[in-house]
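K.L.:
This is the structure, below, for whatever I ask next.
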Amino acid sequence: MKTALILGITSDIGHELAIRLVRDGWEVIGTCRTSAKPRNSEVEPWTLIPCDFSTAKSVDQAIRSFLTKRSRWALVVVAVGSEEPIGPFFECDSSDWERGLHINALAPLRFLKGIHDSRDLSDEPCVAFFSGSGTNKAVPAYSSYCVSKILLIKMCELLDAECSDTNFFIIGPGIVRTKIHQQTLDASTKAGENYKKVVDFLASEDPGTNHDDIYRCLLWCKAAGKSVMGGRNIALAHDEWRDDSSSLLSMLKADRDLYRLRRHGNHLKFTIPTR
């Protein structure tokens, strides 16, 4: 039985992925905040490890708890996330801003570093992150969250280059109906234009990205393997990974820069007019 570790299993995405992984025969271990009450923990078929990603001490304790289980992980899913603090950079409390960066990026990477030697090398192990808004444009009022996601996108590429036996990739799930949107609602006008977008989305009949699609995309990235998906950022809603994905696979194999963090227009040539 393969072991999957979900960092943030009490998040909506983490919880739904855990259900599907267990259904498909995986052993699942997940982290949850000590203050969070697991949903129906007495009947849920996975093991929980307390972890508060806002503190390094708690992360280190959780790493030790995982290592004592002597489990070998074949899959790590990083589903930890917080959009706070929401508001213009110069109006955010500096400690809160840094805390957001720690929760979304630095602490999960610390956890991953601590369990790296426990990966299951009987098959190609995988690490899946989730990206967010801000990859292709500025999203005012969410700078801590956006910078965290950009950091993870680049770390995927770096880890892919440094670790020859593990498939690191990052999925942009699009807009999903999860409880993280409550942070925007609570921020109200501090969220700027995004506040109305979230309110309108939640009031609409738009289902957003469904959890089955997220799971299928995760499995597709895993099956595609490191040689194809390693270090890449895939957009679940827009990229042609569903059904016949042969064209996408061919493009990824042909272009090592595709779906990575790059300077737009880097290879354009400009001619400076002479007088």
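We did not get these values from a lab; they are worked out from the coordinates using the rules stated. In this text the structure is predicted, and so the values were computed from the model without any measurement. Every residue, glycine among them, receives a Cβ derived from its backbone with ideal geometry; neighbour counts consider all protein chains shown.
K.L.:
Pairs K222/K269; K113/K190; K2/K179; K137/K196; K154/K253: which are spaced more than 27 Å apart, C-alpha to C-alpha? Write out the running numbers ahead of the final one.
P.N.:
Working: K222/K269 37 Å; K113/K190 35 Å; K2/K179 29 Å; K137/K196 18 Å; K154/K253 19 Å.
Table pairs above 27 Å Cα-Cα are K222/K269; K113/K190; K2/K179.
K.L.:
Using only Cα atoms, what Kirkwood radius does the chain have, in angstroms? Please list the in-between numbers first.
P.N.:
Numbers: mean 1/r = 0.0509 Å⁻¹.
After inverting the mean inverse Cα-Cα distance, the result is 19.7 Å.
K.L.:
Where does segment 223-275 land on Rg(C-alpha)/(2.2 N^0.38 Å)?
P.N.:
Details: Rg = 15.7 Å, N = 53, 2.2 N^0.38 = 9.9 Å.
Normalised Rg, Cα atoms only: 1.58.
K.L.:
Could you work out how far the C-alpha centroid of segment 47-94 sits from that of segment 175-240, in angstrom?
P.N.:
When both Cα centres are located, 20 Å separates them.
K.L.:
Let me ask you something else. Tell me which DSSP H helices of the chain clear both cut-offs, 15 Å or more of axial length from alpha-carbon atoms and a mean Kyte-Doolittle hydropathy of at least -1.0.
P.N.:
Details: long enough: 12-23 (17 Å, 0.25); 56-68 (18 Å, 0.09); 143-162 (28 Å, 0.76); 193-203 (16 Å, -0.25); 211-224 (20 Å, -0.01).
The answer, listed by residue number, is 12-23, 56-68, 143-162, 193-203, 211-224.
K.L.:
I'm checking a number: the convex hull volume of the Cα atoms of segment 136-275, normalised per residue, in Å³. What is it?
P.N.:
Numbers: hull volume 26.1 nm³, N = 140.
Residue-normalised Cα hull volume stands at 186 Å³.
K.L.:
Quick one: net charge of L236's neighbours, Cβ under 12 Å, K/R +1, D/E -1?
P.N.:
Values: positive: R216, R242; negative: D212, D213, D239, E240.
Around L236, the charge tally is -2.
K.L.:
Please express the Cα-Cα pair-distance distribution P(r) of segment 44-186 as a list of whole percents, one per 10 Å bin, running from 0 to the bin with the greatest distance.
P.N.:
Per 10 Å bin, starting at zero, the Cα-Cα P(r) for segment 44-186 comes out as 11, 38, 35, 14, 2 percent.
K.L.:
How long are the semi-axes of the equivalent ellipsoid of segment 155-224, defined as square roots of 5 times the Cα gyration tensor eigenvalues? Whole Å, largest first.
P.N.:
The three semi-axes for segment 155-224 are 32, 17, 8 Å.
K.L.:
A further question follows. Skipping prolines and chain starts, which residues have an amide H placed within reach, meaning under 5 Å, of the one on W241, given they are 5 or more residues away or on another chain?
P.N.:
Distant-sequence amide H within range of W241: zero hits.
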